[in-house]
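The values are calculated or read from the model by the stated rules, or taken from the named source; none is laboratory data. Everything quoted here is computed from the prediction, not taken from an experiment. Counting neighbours? That spans all protein chains shown, and the Cβs are built from the backbone with ideal geometry, glycine included.
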């Protein structure tokens, strides 16, 4: 039987929709086959098991998001511009892929090694010799661009402040007045708020 690239892409698209909505355990191969417009036997010909299909979809979605984020930054930018671009692209991708973030959280404990591998592969593909956030922060500390600090905590702050509103939206939208992550102005406001908090906390204070 000849494999078709078009059929494979239909399967992956259908599987992504089903798995993002129902997770690994709730997703059914028959539902994926129906959504892709093929029979279940053909689905199994392309992907021998639900586990294999799930892993393929999971890595594809994660890698695409990471490539979008890390292809947008450059170690040669000023640190403030570097952070601004990272925050902007990171928020934009999370906003576009709200379900993918849930997808990742579902699999965090089961697939942590695969998630780490995706990060490393993307770092290498973009020409970074390690985590570019850590590399640029260390560079900034050495050059006196920012005050001495622990890079790991700064990275956690950057990522956590970006992700949290999206994964906690059902809660925070009900306990914070007038907060809606789908508000057209939310991304721009959030981007500015994160950059202001981060930059004001790490910049070198100049004496008057």
statement: Exactly one of 137, 181, 163 is assigned by TED's automatic domain parsing to the domain that holds residue 75, surrounded by 14 or more Cβ atoms within 10 Å (Cβ to Cβ) and outside any helix (DSSP H, G or I), and that one is 181
- request: For region 53-66, enumerate the residues that are surrounded by fewer than 16 Cβ atoms within 10 Å (Cβ to Cβ) and within 17 Å of residue 127 (Cα to Cα).
  value: 64
Filter result for residue 188 (out of contact with any strand residue (DSSP E or B) (no Cβ under 7 Å at 6 or more places or on another chain), exposed (fewer than 14 other Cβ atoms within 10 Å of the Cβ), assigned by TED's automatic domain parsing to the domain that holds residue 76 and over 20 Å from residue 75 (Cβ atoms)): yes
- line: By residue number, the members of region 72-91 that are part of a helix (DSSP H, G or I), in contact (Cβ under 8 Å) with a residue 24 or more places away in the chain and over 18 Å from residue 101 (Cα atoms) are 79, 80, 82, 83, 84
query: Within region 33-52, can one find any residue that is surrounded by 17 or more Cβ atoms within 10 Å (Cβ to Cβ) and under 30 Å from residue 185 (Cβ atoms)?
result: no
- prompt: Which is under 25 Å from the mean Cα position of the chain (by Cα) and over 23 Å from residue 106 (Cβ atoms), of 8, 67?
  reply: 8
field: The one condition in (1) over 30 Å from residue 4 (Cβ atoms); (2) in contact (Cβ under 8 Å) with a residue 40 or more places away in the chain; (3) surrounded by 19 or more Cβ atoms within 10 Å (Cβ to Cβ) that residue 69 fails to fulfil
entry: (2)
query: Do we have any residue at all in region 53-60 that's assigned to a helix (DSSP H, G or I) and free of Cβ contacts under 8 Å to residues at least 24 places away in the same chain?
result: no
field: Top-ranked residue in region 123-171 [being free of Cβ contacts under 8 Å to residues at least 12 places away in the same chain and closer than 17 Å to residue 91 by Cβ; ranked as farthest from the chain's Cα centre (by Cα)]
entry: 168
- prompt: Is region 32-45 home to any residue that is free of Cβ contacts under 8 Å to residues at least 12 places away in the same chain, assigned to a helix (DSSP H, G or I) and within 30 Å of residue 168 (Cα to Cα)?
  reply: no
